[in-house]
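Each value in this text was obtained by applying a stated rule to the coordinates, not by laboratory testing. Quantities reported herein were computed from a predicted structural model and do not represent experimental measurements. Please note: Cβ atoms are built from the backbone with ideal geometry, for glycine as well, and neighbour counts cover all protein chains shown.
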Amino acid sequence: MLTRRLAVLLLGLALTPLSATAQDKPKGKTVRLLTVGNSFSQNATKYLDRIVEADGNVIVHHRCVIGGSGPDQHLAKVAAHEKDAKDKTGLYDSGKSLAQELAAEKWDVITIQQASVRSHDAATYRPGMKALYDYIKKHAPASEVVIHQTWAYRVDDPRFQKPSDKAGEPKTQKAMYDGLSDAYRTIAKEIGVRRIPVGDAFYAADTDPKWEYKPDPKFDTKSAVPPALPDQKYSLHVGWRWATTNGKPALQMDGHHASPAGEYLGGLVFYEFLYGRTAVGNTFRPPGVDADYARFLQETAHKAVERTK
């Protein structure tokens, strides 16, 4: 009896197409991404690979980074390499020029962006952004070039606590967001490219009645002793932190760069934009981001991307 059952089982397996199991599972999508940016592009894609993998997809991602840069700094690197191929200032940390990085892979999407400090002023994007776009398309004509919209600084960033008298300098988080939002939309339209709305998602989360970050009124930065820090719940930015300066602990504010929550939000926006699949329900979330807050960030990313369609 056992032998007969085994024979029937083996016969059934022989008649079953080998591809049946594979056909039952949806195939994952692969995206090849090159980000030409600065620390903000690093922030926004820190968790991207984990988000992608959690949804059964694949990403090939490489970064061309210049700290604090916009298009002009990347173009200066291009010029340095074209003048002297041996000049290290024309190379990225990989030891390659931008032209070599563009040729290294068949990139599906290549992102460009403005430096955050200048992001509110559309005039600073010209003519560099278009020139960088043209250079990339020359060396990677089959790739889609898109613009990565960065985010406004935290509401209590020093930029807003002691506003500059310089004309056009944003004096509040809202003013910075309004400026960069208009600038990115304007430049994206001028060049004819799509926009990854990370900045829109940040501002939506930062101004949500339930989940917005609020400065801690009880914390006195002048009398603080390490390791004491203010309540920074729901902050999308690094904020207050202790660092060592000249061998002594010093309280420092970083209202520019993204916290783990902000990095997660940026990754969710990138994921939705690149893969065309909702981030809502994604099973990955970074340490320190609770389930309810993660769900809110997923929904915020989804709404931001939907509004750009």
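Report the Cα centroid-to-centroid distance between region 289-309 and region 74-122 in angstrom, as an integer.
For region 289-309 versus region 74-122, the Cα centre distance is 31 Å.
Can you check what the net charge comes to around VAL193, using other residues whose Cβ is under 13 Å from the Cβ of VAL193 (Lys, Arg +1; Asp, Glu -1)? Could you put the intermediate results ahead of the total?
Working: positive: LYS130, LYS137, ARG185, LYS189, ARG194, ARG195; negative: ASP134, GLU144, GLU190.
So the environment of VAL193 carries a net charge of +3.
Residues with beta-carbon under 14 Å from that of THR45, excluding THR45: net charge, scoring Lys, Arg +1 and Asp, Glu -1?
0
Which links in LYS171/LYS218; LYS46/LYS83; LYS29/LYS214; LYS166/LYS210 stretch past 30 Å when you go from one Cα to the other?
Working: LYS171/LYS218 24 Å; LYS46/LYS83 34 Å; LYS29/LYS214 39 Å; LYS166/LYS210 34 Å.
Correct reply: LYS46/LYS83; LYS29/LYS214; LYS166/LYS210.
On a 0 to 90 degree scale, rounded to 10, what angle separates helix 71-83 from the longest Cα axis of the chain?
80
Once every DSSP H run of n ≥ 4 in the chain is given -39500 (n - 2.57) and the sum is divided by its residues, what mean residue ellipticity at 222 nm do you get, rounded to the nearest 500 deg cm²/dmol?
-12500 deg cm²/dmol
Determine the alpha carbon to alpha carbon distance for each of LYS77/LYS309; LYS162/LYS233; LYS88/LYS174 and list only those over 30 Å.
In this structure, LYS77/LYS309; LYS88/LYS174 exceed 30 Å between Cα atoms.
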